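Novice: I'd like to ask some things about the structure below.
The values are calculated or read from the model by the stated rules, or taken from the named source; none is laboratory data. All values reported here derive from a predicted model rather than from experimental measurement. Methodologically, a virtual Cβ is constructed for each residue, glycine included, from the backbone with ideal geometry; neighbour enumeration extends over all protein chains shown. In case anyone asks, the SASA skips ligands and DNA or RNA and just uses the protein heavy atoms, side chains included. Shrake-Rupley method; radii C 1.70, N 1.55, O 1.52, S 1.80 Å.
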Amino acid sequence: MFRFFENLVDPYIKYEETDAPPQRLWPFLRDYAQPFTRVFWLTGILSVVVAAVEVWLLGYLGRLVNILTQGTPAQVWVQSGTELTLIAIFLLTLRPLTQALHVLLLNQTIMPNFGTLVRWRAHRQVLRQSVGWFEDDFAGRIANRIMQTPPAAGEVVFQVFDALTFSAAYLVGALILLGDADIRLVIPLLIWFALYALLLRWVVRRITPASEAASNARSAVTGRVVDSYTNIHAVKMFAHQDLEINYAKDVIENARQTFQKEMRLYTIMDIALSVLNGFLIVGVVAWAVWLWVQGFADIGVVAVATALTLRMNGMSGWIMFAVSNFYRNLGVIAEGMQTIAQPIGLRDGAGAKPLVITDGALELRDLSHHYGKTAGGLDHINLSIKAGQKVGLVGQSGAGKSTLVKLILRFYDIEQGAIMIDGQDIAEVTQDSLRSAIGMVQQDSSLLHRSVRENIIYGDPTATEDQIIAAAKMAEAHDFILGLEDSEGNKGYDARVGERGVKLSGGQRQRIALARVILKDPPILILDEATSALDSEVEAAIQETLYKMMQGKTVIAIAHRLSTIAQMDRIIVMDQGRVIEDGTHSGLLEQNGKYAKFWARQSGGFLGQS
């Protein structure tokens, strides 16, 4: 039974992804709720039915009191025994069945699946954002919004069907019930409801912004705390625990103050509600007693009015909390939308096709990119790199080397010019096909917090175990991998490497990263200080591996250690976003220009700084 209701809606159902999600709250929620439309309608109807039955039961209480006071027990049973038996059967069968259906739909179908659907789609949407988008925010804050928005969305839906729909139907039923007994009993209930609605409106108008502020404050705390944990080596190395504590204290205190302001609203709400409910009980029950004293109502009416007001007294706090919680969670969702609903800035062009690699030739045409500023980046770069050519890229920090690589990978949209691969503009091909054709080994290769095997196979998820081991051996990593063991007892290729690979040395991380690219075997290879983290002995072995990897590939290698690129087919020297020299190692030395000065100034093979 549970499995049937749990599988009524598939949270992973296929859907059409959008580059521009709805920016307003209700369209945003409606977009996510589409697979649940029928379930929501059925749950809402059942919620109304459950409320109607509850009100009817209170009304029947009045009839029961009148029945019991109209004769002896034997006479009552003769006159009303069949009716009482049918009511008992109804209470034992149809009523629990209706409530069971309502609870099953709410607890088994909606609650687990709706939050899962929101989290799944939100995660997919965020992963589609560009590298630059992630660089502009805290990873912790992004993750916090992804984690807290789905349960908030689930809570909103829960309150709609568990409290709001039920309470609205209950109030209508109460008005009908009291009006049927004596229309005058409706007056104090309507006065109470008007005051209750004013209080609710006052709370709601303040709870949403207060909740959004509190949610923002919590995300800021998460962002700063995760930033400290992610960079724990730097924190410990510089002995700056106190600095980090103070850095976090500001946002923690702000979170405390925003939460205090939010809780003040709940306190005011509770005090005001207790006063209003006193009016409700006295108003309705006292009036019912007065009507009975005057002979305008029987004892059953007094019983119904008393039971109904006591029930509404208990419900009013729950409803007020449910409504305020409803809007509180809307505030959390609104805060989460600042991340989840951001438009995708870097998109595949209309009609983009997969990149087709024939040779691996690159051409940069009048390429300029300044990250939206007036300086920095690249300035009118024109380059042609033949298929299979090995090119070294040299320049001081800030010369534009990293920008050039990011644009080739299309981590940013080019501001001016074009990059062509085998005659195809990379802006007109799919991003996935472009990056699948390019392998990159960076200076600081971070690994996934997974096993060694999972990190290597990231290069080619279809690879066999033999291929994984062969790639590790080529990267001079197999031997040290066999000696690894993590804190959970996993060994060798099953050992976990820690967040960003922190359990391994820099050289070990670099060799696993190399194995990953070896397994990928792309036609275009970018090496950004690929051997800088290795000791001399391992570097010599890796260089041999790299030269083997380079065979038949187009290679761009960034290096400060010029000896590692001296054997390249061609060396390009960059300065202030421009190409200032281009030639072979020997040819550039003969020119006696910038490269020759770098070479002469090297100490231990590293690039000088002037």
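Novice: Here are some pairs, Lys520/Lys594; Lys406/Lys520; Lys473/Lys503; Lys491/Lys553; which of them have Cα atoms lying more than 28 Å apart in this structure?
Specialist: Lys520/Lys594; Lys491/Lys553
Novice: At a 1.4 Å probe radius, carbon and sulfur cover how many percent of the accessible area of the stretch 7-134?
Specialist: Carbon and sulfur together cover 65 percent of it.
Novice: Which net charge results when you count Lys and Arg as +1 and Asp and Glu as -1 among the other residues whose beta-carbon is under 14 Å from that of Leu104? Walk me through the numbers before you get to the answer.
Specialist: Working: positive: Arg3; negative: Glu6, Asp162.
Around Leu104, the surrounding residues sum to -1.
Novice: When only DSSP loop residues count, what chymotrypsin sites (Phe, Trp or Tyr not before Pro) in the stretch 370-432 have their Cβ near at most 14 other Cβ atoms within 10 Å?
Specialist: Here the chymotrypsin sites (Phe, Trp or Tyr not before Pro) that fit, given the DSSP loop and packing criteria, are Tyr371.
Novice: Show that you can apply the helix-only estimate: for the chain, add -39,500 (n - 2.57) for every DSSP H stretch of four or more residues, divide by all residues, and state [θ] at 222 nm to the nearest 500.
Specialist: Only helices count here, giving -20000 deg cm²/dmol.
Novice: Could you look at the stretch 190-328 and say what percent of its accessible area is carbon and sulfur, using a 1.4 Å probe and all protein chains?
Specialist: Accessible surface attributable to carbon and sulfur in the stretch 190-328 totals 67 percent.
Novice: Taking the Cα centre of the stretch 239-330 as the origin and placing charges on Cβ (Lys, Arg +1; Asp, Glu -1), which of Ile319, Thr309, His240 is farthest toward the positive end of the dipole?
Specialist: Thr309
Novice: Around Pro523, with a cut-off of 12 angstrom between Cβ atoms, what is the net charge of the other residues, counting Lys and Arg +1 and Asp and Glu -1? Walk me through the numbers before you get to the answer.
Specialist: Working: positive: Lys520, Lys553; negative: Asp359, Asp422, Asp521.
Net local charge, Pro523 excluded: -1.
Novice: Rounded if a/c is under 1.5, else prolate if a/b beats b/c, else oblate: with a ≥ b ≥ c from the C-alpha gyration tensor eigenvalues square-rooted, which is the stretch 151-195?
Specialist: Numbers: a/c = 7.48, a/b = 2.64, b/c = 2.84.
Here the stretch 151-195 falls in the oblate category.
Novice: So, one more: For the stretch 414-507, place one equal point scatterer on every Cα, skip the solvent, and apply the Debye formula. What is log10 of I(q)/I(0) at q = 0.17 Å⁻¹?
Specialist: Here log10 of I(q) over I(0) equals -0.81.
Novice: Can you give the accessible area per residue of the stretch 178-266, in Å², using a 1.4 Å probe?
Specialist: Counting only protein heavy atoms, the per-residue value for the stretch 178-266 is 59 Å².
Novice: What number, in percent, do you get for the relative contact order of the chain if the mean sequence gap of Cα pairs under 8 Å and at least 6 apart is divided by its residue count? Mind showing how you got there, number by number?
Specialist: On the way: 872 pairs, mean separation 85.9, N = 610.
Result for the chain is 14 percent.
Novice: Further question on the same structure: Using a 1.4 angstrom probe, figure out how much accessible area the stretch 343-400 has per residue, in square angstrom, rounded to the nearest whole.
Specialist: 49 Å²
Novice: First measure r as the distance between the Cβ atoms of Thr430 and Leu94, then evaluate 1/(1 + (r/R0)^6) with R0 = 41 Å and state the FRET efficiency to the nearest 0.05.
Specialist: FRET efficiency, Thr430 to Leu94: 0.10.
Novice: Then there's this: Mind grabbing the base-10 log of I(q)/I(0) for the stretch 286-440 at q = 0.11, 0.15, 0.19 Å⁻¹? Debye formula, identical points on the C-alpha positions, no solvent, two decimal places.
Specialist: For the stretch 286-440 at q = 0.11, 0.15, 0.19 Å⁻¹, log10 I(q)/I(0) is -0.63, -0.89, -1.17.
Novice: Now, a different point. Kindly point out which whole DSSP H helices in the chain project their C-alpha atoms 27 angstrom or further along the helix axis while averaging a Kyte-Doolittle hydropathy of 0.0 or above. Write out the running numbers ahead of the final one.
Specialist: On the way: long enough: 37-68 (46 Å, 1.53); 139-159 (31 Å, 0.08); 186-230 (62 Å, 0.68); 241-293 (75 Å, 0.49); 299-340 (60 Å, 0.91).
Passing helices, by number: 37-68, 139-159, 186-230, 241-293, 299-340.
Novice: Hey, can you find the accessible area per residue of the stretch 18-94 for me, probe 1.4 Å, expressed in square angstrom?
Specialist: Accessible area per residue: 62 Å².
Novice: Tally Lys/Arg at +1 and Asp/Glu at -1 over every other residue whose Cβ is under 10 Å from the Cβ of Asp575; what's the total? Each step should come with its number before you reach the end.
Specialist: Values: positive: Arg578, Lys594; negative: Glu581.
Net charge in that neighbourhood comes out at +1.
Novice: Sticking with this structure for a sec: If I compute solvent accessible area with a 1.4 Å probe over the protein chains, what percent of it on the stretch 444-529 is carbon and sulfur?
Specialist: Answer for the stretch 444-529: carbon and sulfur cover 44 percent of the accessible area.
Novice: Could you give the nm distance between label points at Leu61 and Glu6, where each point is 7 Å from its Cα heading toward the beta carbon?
Specialist: Placing both labels 7 Å beyond Cα along the Cβ direction yields 3.8 nm.
Novice: Of the listed values (i) 0.96; (ii) 1.48; (iii) 1.16, grab the one calculated as Rg/Rh (Cα atoms, Kirkwood Rh) from the structure here.
Specialist: Of the labelled values, this structure produces (iii).
Novice: Shape of the stretch 375-423 from its Cα gyration tensor (a ≥ b ≥ c, root eigenvalues): rounded if a/c is under 1.5, otherwise prolate when a/b > b/c, or oblate?
Specialist: oblate
Novice: Could you tell me the distance between the Cα centroids of the stretch 450-497 and the stretch 326-382, to the nearest Å?
Specialist: When both Cα centres are located, 33 Å separates them.
Novice: If you stretched the chain out fully between Gln23 and Arg128, how much longer would it get, using 0.36 nm times the residue separation minus the C-alpha to C-alpha distance?
Specialist: Result: 36.1 nm gained on full extension.
Novice: Trypsin sites (Lys or Arg not before Pro) within the stretch 339-433: which are DSSP loop residues with at most 10 other Cβ atoms inside 10 Å?
Specialist: On the way: sites: Arg347, Arg365, Lys373, Lys386, Lys390, Lys401, Lys406, Arg410; in loops: Arg347, Lys373, Lys386, Arg410.
Answer by residue number: Lys373.
Novice: Something else about it: For a test of the definition: using alpha carbon positions, the gyration tensor, and the 1.5 limit on a/c, classify the stretch 4-65 as rounded, prolate or oblate.
Specialist: In terms of gyration-tensor shape, oblate.
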